[in-house]
Structure formats: structure tokens, C-alpha cells
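To start, the structure itself, in C-alpha cells.
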Amino acid sequence: AEPPDPDSVAFYRRLLEVLNDPAFHDGVWMQLAPLPFPQDGANYDALIAYAWAYQGAWRLVVGNVSGAEIRARIPLPNPSLEGAAQWRLEDVLSGGEPITYPSGQLLAGGLPVIMPANTVRVYRMRSI
């Protein structure tokens, strides 16, 4: 038998840890409809996006299932966006620096995303 690939093992361990979050089991699930940026969007339809609302916080999963980079925006159906000045998004799967957006920007245009080919991000989204 072929030995397991350490990078794949590490990825799936991390994925299972992330998916153990109660939001994915007890939260309210929503399918989101990505939209193109006004100036491009040739392949934005290869972007999938889902959200889970749970105890005042949100989880957002965005995946690019194409072989090319996608630039799009994701409208967020979150009435509580109006109640906070800013929202912080942390990619709990891949890590990296958290991103902060003003509520008005998210309400007006949605969450802007630039997704490399064949990638997924799992965001924990909360007001700050």
C-alpha cells in the first residue's frame, strides 16, 4: 500500500476539526448566490457559497470548483449586519490574517472574494 501523504492527512484532520463546530450541525443553513464584479465575472458561476447562522455568529463556506481564479461578490442575507459597525472574517480552515469589513459595504455590495482555482475557504464571521 502507498503511504499516506502528510499534507493530505493534515488537511483532512484540520477539516474535521473545523466541521466539528456546532454551527454546522445545529445552525440554520442557507445557500448563497454569488454575483459577478461589475467589471468581470466570466466564470463566477463556478463559485459555490453556503452560510450557517448560529447563536448570533455566522459560518461561511466559499469554494471555487473551477480551474481558474474567480472574482465575485457574495450577497449575505444577514439582518444583523446592520447592528454592528464592522464584521471580522477569519478563515478557520486555511488560516491567514482575519479580514474586517464595514457593515455598510457588506450590505450594499456583498462580500468581495478572489478565489484561486480549486480552493475552499471556511470563514467564522462575527461582529466587532
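For the range 56-67, filtered to residues that are without any contact (Cβ under 8 Å) to a residue 60 or more places away in the chain and out of contact with any helix residue (DSSP H, G or I) (no Cβ under 8 Å at 6 or more places or on another chain), the residue that is surrounded by the fewest Cβ atoms within 10 Å (Cβ to Cβ) is 67. The requirement of being surrounded by 18 or more Cβ atoms within 10 Å (Cβ to Cβ), modelled with pLDDT of 90 or more and either under 22 Å from residue 108 (Cβ atoms) or among the basic types (Lys, Arg) (or both) is fulfilled somewhere in the range 24-46, by at least one residue. The residues in the range 114-126 that are assigned to a strand (DSSP E or B), of a type outside the set (A, V, I, L, M, F, W, C) and open to solvent by 60 Å² or more (accessible area, probe 1.4 Å) can be counted, and the count is 2. Among the residues making up the range 90-115, those that are in contact with a helix residue (DSSP H, G or I) (Cβ under 8 Å, 6 or more places away or on another chain) and at pLDDT 90 or above are 92, 93. Taking each residue of the range 104-128 that is on the phi > 0 side of the Ramachandran plot and looking for partners that are surrounded by 15 or more Cβ atoms within 10 Å (Cβ to Cβ) and among the polar types (S, T, N, Q) with beta-carbon atoms closer than 7 Å, six or more apart or interchain, yields 118/64. Might you check whether a residue that is in contact with a Leu (Cβ under 6 Å, 6 or more places away or on another chain), open to solvent by 20 Å² or more (accessible area, probe 1.4 Å) and free of Cβ contacts under 8 Å to residues at least 24 places away in the same chain occurs anywhere in the range 92-99? Yes, the range 92-99 has at least one match.
Just to check your reading of the model, which residue among 53, 1, 49 is buried (at least 16 other Cβ atoms within 10 Å of the Cβ) and over 20 Å from residue 118 (Cβ atoms)?
Numbers: 1 fails: buried (at least 16 other Cβ atoms within 10 Å of the Cβ); 49 fails: over 20 Å from residue 118 (Cβ atoms).
Only one candidate qualifies: 53.
Just need a number here: residues in the range 72-89 that are closer than 24 Å to residue 44 by Cβ, at pLDDT 90 or above and open to solvent by 20 Å² or more (accessible area, probe 1.4 Å).
Taking the range 72-89 first, the residues closer than 24 Å to residue 44 by Cβ are 72-78, 81, 87, 89.
Okay, now just the ones that are also at pLDDT 90 or above, so 72-75, 89.
From what's left, open to solvent by 20 Å² or more (accessible area, probe 1.4 Å): 73, 75.
Count: 2.
The values are calculated or read from the model by the stated rules, or taken from the named source; none is laboratory data. Owing to the predicted nature of the structure, the values given are computational and were not obtained by experimental measurement. No Cβ is skipped: glycine too gets one built from the backbone with ideal geometry, and neighbour counts run over all protein chains shown. What goes into the accessible areas is simple: the full protein's heavy atoms, side chains included, and nothing from ligands, DNA or RNA. Shrake-Rupley method; radii C 1.70, N 1.55, O 1.52, S 1.80 Å.
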